[in-house]
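Read-outs throughout are calculated quantities, based only on the coordinates presented, and are distinct from any laboratory measurement. Just so you know, these numbers come straight off a predicted model, no measurement behind them. Don't worry about glycine lacking a Cβ; one is built from the backbone with ideal geometry, like all the others, and counts go over all protein chains shown.
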Ligand code: SF4
Ligand code: SF4
């Protein structure tokens, strides 16, 4: 089935608008964000274990936030001040070949960056 031309053009316009907004932002390329499940710690409650994890990552120069998943699982989001080596003043230097995780990322859905992601202007 052929996709109607106006839909193809609308998609291209959306991709270009996203690229423009990203070039004025680049926040998700400036740091490394990853979730770490809080492991059970002998003699500690979930809250105490979460605080211990936050202290650990903070002591290593990261920001860390305790969160609960939708399923009620305790995890810590670690925000490491490590910019991607492919980030340049003009944006991503491997943009056409960037990793799939970068292609799929949507900052509007990220609890840490949702307030700064410029895609909310779309
Ligand atoms: S946070 Fe959003 S607007 Fe900013 S670079 Fe990442 S995806 Fe683009
Ligand atoms: S590879 Fe490119 S898009 Fe992905 S984090 Fe690095 S600079 Fe950003």
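Just rank 110, 47, fewest to most, by other beta-carbon atoms within 10 angstrom.
Fewest-to-most ranking of 110, 47: 47, 110.
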If you take the beta carbon distance between residue 34 and residue 14 as r and set R0 to 22 Å, what does 1/(1 + (r/R0)^6) give as a FRET efficiency, to the nearest 0.05? 0.20
Rounded to the nearest 500, what is the 222 nm mean residue ellipticity of the chain from helices alone, with -39500 (n - 2.57) per DSSP H run of 4+ residues and division by all residues? -10000 deg cm²/dmol
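Once the Cβ-Cβ distance between residue 106 and residue 58 is put in as r, and R0 is 25 Å, what FRET efficiency do you end up with, to the nearest 0.05?
0.35
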Relative contact order (%) - the chain, alpha-carbon pairs under 8 angstrom, separation at least six: 28
Where does the Debye-calculated log10 I(q)/I(0) of the chain sit at q = 0.15 Å⁻¹, using only Cα point scatterers of equal weight, no solvent? -0.82
At R0 = 30 Å, how high is the FRET efficiency between residue 27 and residue 5 if r is their beta carbon distance? Nearest 0.05 is fine. 0.30
If I stretch the segment between residue 65 and residue 51 completely, what's the gain in nm (0.36 nm per residue apart, minus their alpha carbon distance), one decimal? 4.1 nm
